[in-house]
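These notes are about the structure you will find just below.
The values are calculated or read from the model by the stated rules, or taken from the named source; none is laboratory data. Not measured: the values here are computed from a predicted model. When we count neighbours, we look across all protein chains shown, and the Cβ atoms used for this are built from the backbone with ideal geometry, even at glycine. All accessible areas refer to the heavy atoms of the entire protein, side chains included, with ligands and DNA or RNA removed. Shrake-Rupley method; radii C 1.70, N 1.55, O 1.52, S 1.80 Å.
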Amino acid sequence: MSHKSNVGGSDARRLISLKTAASLVDVDAKTIRNWIHAGQLRGFRVNGHLLRVNHAELLALVQPVPASIGEDA
């Protein structure tokens, strides 16, 4: 099930392109699309065509993982 929907109003101010989102979290734009299709991140259609994501939701999805002492990277 996809979480794509149309959005308007103040939510549009926090929406960023997939390219920008990918750059922020150092992944490929296709990874952002995969997260949307997997239901991990909501995608929003702008003008019925352009796909955008919410900046705050993207950052909430990407969390740092603490390194354990003695483990190889």
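One table, with the values for the structure above:
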read-out: Selection within region 9-24 - at pLDDT 95 or above and not in a strand (DSSP E or B); value: Leu18, Lys19, Thr20, Ala21, Ala22, Ser23, Leu24
read-out: Inter-residue pairs, beta-carbon under 6 Å, first under 15 Å from Glu57 (Cβ atoms) and in region 19-31, second assigned to a helix (DSSP H, G or I), 6+ apart; value: Ala21/Ile32; Ala21/Leu58; Ala22/Ala29; Ala22/Ile32
read-out: Residues being modelled with pLDDT of 80 or more and either over 20 Å from Ser23 (Cα atoms) or open to solvent by 100 Å² or more (accessible area, probe 1.4 Å) (or both) - total across region 47-73; value: 8
